[in-house]
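Report on one structure; see the data block that follows.
The values are calculated or read from the model by the stated rules, or taken from the named source; none is laboratory data. Treat the numbers as computed from the prediction; the structure is a model and nothing was measured. When we count neighbours, we look across all protein chains shown, and the Cβ atoms used for this are built from the backbone with ideal geometry, even at glycine. SASA here: full protein model, heavy atoms, side chains in, ligands and nucleic acids out. Shrake-Rupley method; radii C 1.70, N 1.55, O 1.52, S 1.80 Å.
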Amino acid sequence: MAAPDTSVDLTGAELAAWRGLLRVHTALVKALDAELIAEHDLPLSSYEVLITLASAPGHKRRMAELADSVLLSRSGMTRLVDRLERDGLLARDTCSDDGRGCYAVLTDRGRELLAQARPTHLAGVRERFLRHFSDDELNVLAEYWERVLPGAAGAE
């Protein structure tokens, strides 16, 4: 494949692919966020933190790892964790091997809310995105994401 010419505007196909990705992502995030808030009073960003903790060993992760896994800045993660802790959905625990670091730990209340919200989220993902593609097409999409960002399509 030839190297793209960076001195000119994007071709029609390039622009359509890029804008399509951005627009679809934005629309899906807004819709899925609205569904979770309406049904469970749980924003999508909070859901992502809870599901990440639920799948982690011991239902806990270091704050820095958590921020990286849900694509938030460290300060954004701190504010979100503060809110989730206030709501009793997670707790902080100190790292015994590093006094400066701490873990975010999923609480029983967080597990319960996640169990209630998960079917809503998965139904939204299926209805708004997955139903538009065959299994073969979904496999191809996953291969494309891996080409752009290795590890992007992998399960956390």
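Odds and ends about this structure:
- Entry remark, segment 136-156: residues being touching a residue at least 40 places away in the same chain (Cβ under 8 Å) and aromatic (F, W, Y) number 0 in total.
- Strands (runs of 3 or more DSSP E) wholly inside segment 51-156 containing at least 1 residues that are open to solvent by 90 Å² or more (accessible area, probe 1.4 Å) and over 27 Å from L21 (Cβ atoms): 90-95, 98-106
- Matching residues in segment 119-148 - criterion: being hydroxyl-bearing (S, T, Y) and within 19 Å of the chain's Cα centre (by Cα): T120, Y144
- Test: residue in segment 27-40 that is surrounded by fewer than 11 Cβ atoms within 10 Å (Cβ to Cβ) and more than 27 Å from F129 (Cα to Cα): no
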